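Below is one structure, written out as structure tokens; comments come after it.
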Amino acid sequence: MSINKNYFYKLLSGKTSLLVVFWFWFIFISFLIEVFFETIFMQTKYAQNKESYIEFFLYVILLVYAIAIFLIIFKTANNYKGSRFWSFSSKALVTINLLFSINFFIEVSKFYFFEDYALEKEIESFKDNLPIQIDMNSTLVDIYKKDKNIYYKYQLQEVYLEDKNLKNKFKKQIQDSLCEDKSTLDLLKKDYILNYQYVGENQEEIVDIKTDKKICGNSIYDLEILSDVLEKQGMI
């Protein structure tokens, strides 16, 4: 036990081998951490549930480790009696790693604590794949966010809604589907307004459908209650 304490004291003081610190504590341990995240942790339910904050706390630990290994390598490199190039290279690489770690942690923090930022990034990523063929008659051609409004623009082919009754029926079907879908419900509960714009083959306006949580009524929380009940019963 005392041997381990003595070793870690020397490690933290920069009095161990620079070769060991760099290749084992920096390169190898960082590789193991990367493997853990990519092949093990990211497959668990905790990585999918942002509300648990488990993933965020792991990133805090990773940042602390990046700072610690940065300080250790600098101390060890300063005490290193060999090649100056090797000493400088180890400092440069661990500095670059720390800068990347800090930048990545800032991005992760924004996703957890700035809801609009996360949503805007998701929309930007989704937008890169447009246009998307939804079905035989509709194509999603644009999506963007402005304040608490999210706009979806669809182009319809061979769909005719000149009749007012047909248009109202179509509108109700869209709003009902939004009030029943979990992903859109999450947005509605957070006071986002979903605007679905439908245009024809020549970009002529067909119908605009605006949906907020008031339109869904009290039933907006029914799906959440049902999911909680099923989860407690071990059915999902």
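The values are calculated or read from the model by the stated rules, or taken from the named source; none is laboratory data. None of the values given here were measured: they were computed from a predicted structure. A quick note on method: Cβ atoms are made from the backbone with ideal geometry, for glycine too, and the neighbour counts reach across all protein chains shown. Ligands, DNA and RNA are stripped out before the accessible areas are found, and what is left, the full protein with its side chains, is counted by its heavy atoms. Shrake-Rupley method; radii C 1.70, N 1.55, O 1.52, S 1.80 Å.
Here are a few things to note about the model shown:
- Phe31 being farther than 23 Å from Trp86 by Cα and either open to solvent by 50 Å² or more (accessible area, probe 1.4 Å) or at pLDDT 85 or above (or both): no
- For region 124-137, the count of residues that are touching a Lys or Arg at 6+ places or on another chain (Cβ under 7 Å), surrounded by 12 or more Cβ atoms within 10 Å (Cβ to Cβ) and assigned to a strand (DSSP E or B) is zero.
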